[in-house]
Amino acid sequence: MIDVQAIRKDFPILDQEVNRHHLVYLDNAATSQKPNSVIDTISDYYRRDNSNVHRGVHTLGTRATEHYEDAREKIRKFISAKSTKEIIYTKGTTDSLNMIAYGYGMANLKRGDEIIITKMEHHANLIPWQQVARATGAVLNYFPMEPDGTLDLDKVRNAITERTKIVSCTEVSNVLGTVNPVTKIAQLAHEKGAIMVVDGAQSTPHMPVDVQKMDTDFFVFSGHKMLGPTGIGVLYGKQNLLEAMEPVQTGGEMIDEVGFHSATWAELPWKFEAGTPHIAGAIGLGAAIDYLNGIGMDEIQAYEKKLTDVAYETISAIDGVTVYGPKSRSGLVTFNIKGIHPHDVSTALDAEGIAVRAGHHCAQPLMQVLKCESTVRASFYFYNTMDEIEKLAKGIKDAKEFFEHAI
Ligand code: C6P
């Protein structure tokens with residue numbers, strides 16, 4: 001059972017007033033807040049252990065390296081990867097997806113090959129594929145999407161052909177909250193000889209992840225959406241694929257031997273980690289994983305489901321409000337109020353201390369499908385309360401009334 005009041009005490013930022021109201025932070029899909037344990041771990045690292053990793057043999061260098069590599073092992077366990085060789089530190093989901101597109105896609109695609117993604121992808125899982133398709137002559141196609149923002153597996157099966165070489169799909173949509181059946185999609189991709197890439201930016205913070213059960217070839221996520229710091233993320237790849245891939249960036253740290261005219265690469269995972277990494281970020285992400293494990297991902301998922309179900313029902317019931325996406329969803333609700341610009345709704349909510357995101361959410365093609373330019377999105381985490389959902393619903397009603405009278 002989640003003791004939300006006890007949990008909230010671990011997050012100092014939540015205890016503040018914004019515009020003379022107690023802060024209600026509902027922009028967790030953009031970035032999550034950080035518990036004391038993560039803040040302290042990062043601060044302790046800089047106070048006591050700060051040094052470069054894998055270089056000096058002095059005590060601080062050894063400590064920093066141990067903490068950095070311990071965090072990698074925590075990440076491996078958290079997503080059930082086979083080996084830490086498969087866990088590459090990156091700057092975040094965007095960086096990881098670019099590494100796959102440029103490192104794997106560029107080397108393996110040729111004219112006439114096909115990449116298939118969904119219409120609900122974040123730009124990070126879309127533009128790199130557009131660029132790689134343009135450079136290689138491959139074609140970028142999309143799975144059809146159902147009117148409620150889900151995928152139909154029969155249509156997915158029919159869309160994948162022998163020409164398909166890469167299927168890339170978000171596990172959870174950052175706009176619709178749709179939870180895509182990525183394990184089944186990976187199976188369908190493999191049946192036709194394609195590889196599977198899963199964007200786990202919005203799933204890893206909210207539900208258990210097992211990359212071996214999922215049998216995905218690549219899986220990516222960001223630390224900052226799961227209590228960790230910004231600027232750190234993960235690229236998981238199956239070892240055989242990573243072994244075969246050339247490094248995307250070269251320089252210090254990622255080499256074995258260097259001569260005047262050639263060089264050989266370090267073993268996995270360091271082959272893909274050129275330059276001084278975000279050491280404090282990696283260690284902070286390790287502390288974030290400790291915190292999440294202390295609560296339990298099953299518990300987190302179950303608690304957020306309750307919050308989300310209530311939010312979905314309450315907001316959908318407000319007259320003039322359109323909620324986008326399926327009823328069964330991960331922890332967010334995206335909506336529009338008829339005749340009121342999403343930025344106005346967000347500004348009105350902010351005046352009541354409620355932080356939500358308004359905009360296209362880095363998913364402009366999806367906005368075309370939804371036939372709008374932007375939306376309002378409230379996104380939850382396990383430190384949110386039912387009381388906050390009520391405040392959100394009241395805030396939406398108040399905003400609606402205010403703008404209707406102003407028009
Ligand atoms: N979505 C949102 O408010 P980065 O920025 O690299 O950490 O993550 C990119 C990314 C990739 N895929 C999905 C599904 C995402 O949701 C995001 C980040 C944030 O929705 C910021 S745009």
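The values are calculated or read from the model by the stated rules, or taken from the named source; none is laboratory data. Fair warning: this is a prediction, and the values are worked out from it, not measured in the lab. Note that we place each Cβ from the backbone using ideal geometry, even for glycine, and neighbour counts take in every protein chain shown.
Looking at the stretch 310-407, the helices (runs of 4 or more DSSP H) lying wholly inside it that each contain 3 or more residues that are out of contact with any Phe, Trp or Tyr (no Cβ under 7 Å at 6 or more places or on another chain) and at pLDDT below 95 sit at 386-406. Met106 satisfies every condition listed in (1) aliphatic (A, V, I, L, M); (2) under 25 Å from Lys225 (Cβ atoms); (3) more than 16 Å from the ligand (Cβ to nearest atom) except (2).
Rundown of residues vs (1) free of Cβ contacts under 8 Å to residues at least 60 places away in the same chain; (2) surrounded by 20 or more Cβ atoms within 10 Å (Cβ to Cβ); (3) away from the ligand (no atom under 16 Å from the Cβ), yes/no style:
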position: Leu97; (1), (2), (3): no, yes, no
position: Tyr102; (1), (2), (3): no, no, no
position: Asp148; (1), (2), (3): no, no, yes
position: Glu162; (1), (2), (3): yes, no, yes
position: Cys169; (1), (2), (3): yes, yes, no
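Report yes if Ser96 is under 25 Å from the mean Cα position of the chain (by Cα), assigned to a helix (DSSP H, G or I) and farther than 27 Å from Ala266 by Cβ, otherwise no.
Spelling it out, it is not the case that Ser96 is under 25 Å from the mean Cα position of the chain (by Cα), assigned to a helix (DSSP H, G or I) and farther than 27 Å from Ala266 by Cβ.
Of the residues Gln212, Gln202, which is within 16 Å of the ligand (Cβ to nearest atom) and within 30 Å of Thr41 (Cα to Cα)?
On the way: Gln212 fails: within 16 Å of the ligand (Cβ to nearest atom).
Answer to the check: Gln202.
What about Gln239, is it touching a residue at least 40 places away in the same chain (Cβ under 8 Å) and within 25 Å of Ile2 (Cβ to Cβ)? No: the conditions fail for Gln239. Among the residues of the stretch 215-271, those that are hydrophobic (A, V, I, L, M, F, W, C), within 16 Å of the ligand (Cβ to nearest atom) and over 14 Å from Ile79 (Cβ atoms) comprise Leu227, Ile232, Val248. When restricted to residues that are more than 14 Å from the ligand (Cβ to nearest atom) and either farther than 19 Å from Ala201 by Cβ or touching a Gly at 6+ places or on another chain (Cβ under 8 Å) (or both), the stretch 117-141 contains 11.
Sort through Thr136, Thr183, Thr161 and tell me the only one that's closer than 30 Å to Ala378 by Cβ and not acidic (Asp, Glu). Can you show your working first?
Numbers: Thr136 fails: closer than 30 Å to Ala378 by Cβ; Thr161 fails: closer than 30 Å to Ala378 by Cβ.
Being closer than 30 Å to Ala378 by Cβ and not acidic (Asp, Glu) holds for just one of Thr136, Thr183, Thr161, which is Thr183.
Take the conditions (1) surrounded by fewer than 16 Cβ atoms within 10 Å (Cβ to Cβ); (2) in a strand (DSSP E or B); Leu60 misses just one of them, which is (2).
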